[in-house]
Structures are given as structure tokens and as C-alpha cells.
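Right, one structure below, let's go through it.
Each value in this text was obtained by applying a stated rule to the coordinates, not by laboratory testing. Keep in mind it's a predicted model, so treat the numbers as computed, not measured. No Cβ is skipped: glycine too gets one built from the backbone with ideal geometry, and neighbour counts run over all protein chains shown.
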Amino acid sequence: MIFSLADVRMGDCIERKRTSRFVYFRERCMTTFILRTALLLLLLAPLPLYGTDNIIVMRSGEKDTQSWNSLSKYLSDRRYVVNMYDATDTIERQIDMANRVNRQKSLFVIVLQLVPSDRTDAFIAVSDLRKGKGRFLDIEEVSGLHGPSSRELGTAIASRFQKDVMEVSLFPLLGINMPGVFVRLDLSSDRPVETFEKLHEGIQDYLKRGTKDETKQQRK
């Protein structure tokens, strides 16, 4: 059988089309495989244990550098975004700091005092100020807007230390327009992380229950 040049060229063309189609399907299958594999790895990848929570820590009392450095590292490892302030002792500075704190998009404020000690202990308190009844509030009445949420946060932390929540006058929370608590931690030099762990667990207990609708509470 004799093939003409045209037949040969036609055969080459058909073969090239077959090869081209094969390459196309092979590349398409490979792309699909890669995408599915990437998606599977993404779904199976371990998720971070802790979410990113933005909180404010107000340092009170003596500033023991080692204790605060340990706490900062601990909170950072658990992916907290912490804005730190130093507690003030005059009303002018308190008003200025309250304005700066209130501009932060944070979940709550913890006025924290770290005390080096030979034993582990904790004291948790919320402000004894109540919500004002007028339309315009004094500085003393602002923190009272968040009384229920502050007590909920305090109770969550205190329960981890098997303590009760106290109500006291808290100057560092004057003018603070978000939930806030005072926490004093007595840190044992050989087990500070255990104390930080209880604080963290209490915070997570509060966050898991969800924050309440403050606006509804203010209208009651």
C-alpha cells in the first residue's frame, strides 16, 4: 500500500492533536490533584489552640521586671494582643489615660498587680460603682455601665483560683468604658506559670460564654 505525502501529513496532524490532547488532560489532572492535595493539607493542618484576643493590662503596684517579662511572654505565646498601661495616681492623669484606653478596640481591662511571694494566691475584685440614671454620666459612673460583664469576667477568673469576687473602690477603672476587673497575683518563684495558666483559663471561660449586649443592659 502506497501512502501519499498528503496522507503522511494528515497522519502527523492527527498524531499531534492526540498528543496535544493527552498533554492537556495530563496537565489538567495534575492541576486538579495539586489543588485537592493543597485543600486536604489545609483542612488537616492543626489549627492554633488560642485565638487572637485584644486585651488591656494596666500594671499596678511595684513593677517587678522579671515577673512582668514572664507574663508578657506567656500571653504572647497564647496569641493575646496586649496593650499595657501603668496605673496612675492623680485624677488628671486618670482622665487622660481613660481617654486613650477607651479608643482601643479591646475586649476588657485587667488592672493587674504581680507580687513575688513564697506562696501562690490571688485577689479578684470589681468596682463598687453603679450605673448612673442620668443621660450624662460622671466619670465615676462610666465603669458602672459594664458592671454585669465586669462581674462575669471577675467570677470566671476567681473560680479558677477558687476565690470569691470582692466589690471595692477601684481608682484605675474610673472613666474606663469597657468591662474591667482588678487582679492581684501572688507569684511563687518556682511556679509562676501555673498562676498565669489559671488567669488565662479564667479569661477563656469568660470569652467562651460570650460577651453580653451592653446596649440592652444600659436601656433597662
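If I ask for residues that are free of Cβ contacts under 8 Å to residues at least 60 places away in the same chain, in contact with a Leu (Cβ under 8 Å, 6 or more places away or on another chain) and either aliphatic (A, V, I, L, M) or surrounded by fewer than 21 Cβ atoms within 10 Å (Cβ to Cβ) (or both), which ones from segment 94-127 would you list?
Across segment 94-127, the qualifying residues are Ala125, Val126.
Yes or no: segment 200-207 includes at least one residue that is assigned to a strand (DSSP E or B) and either more than 28 Å from Thr88 (Cα to Cα) or touching a residue at least 40 places away in the same chain (Cβ under 8 Å) (or both).
Let us first name the residues in segment 200-207 that are assigned to a strand (DSSP E or B), namely none.
Among the residues of segment 200-207, not one is assigned to a strand (DSSP E or B) and either more than 28 Å from Thr88 (Cα to Cα) or touching a residue at least 40 places away in the same chain (Cβ under 8 Å) (or both), which makes the answer no.
Of everything in segment 145-182, what is surrounded by fewer than 18 Cβ atoms within 10 Å (Cβ to Cβ), free of Cβ contacts under 8 Å to residues at least 60 places away in the same chain and either touching a Phe, Trp or Tyr at 6+ places or on another chain (Cβ under 6 Å) or assigned to a helix (DSSP H, G or I) (or both)? Give them in sequence order.
Once the filter is applied, which keeps residues that are surrounded by fewer than 18 Cβ atoms within 10 Å (Cβ to Cβ), free of Cβ contacts under 8 Å to residues at least 60 places away in the same chain and either touching a Phe, Trp or Tyr at 6+ places or on another chain (Cβ under 6 Å) or assigned to a helix (DSSP H, G or I) (or both), segment 145-182 yields Arg151, Ser159.
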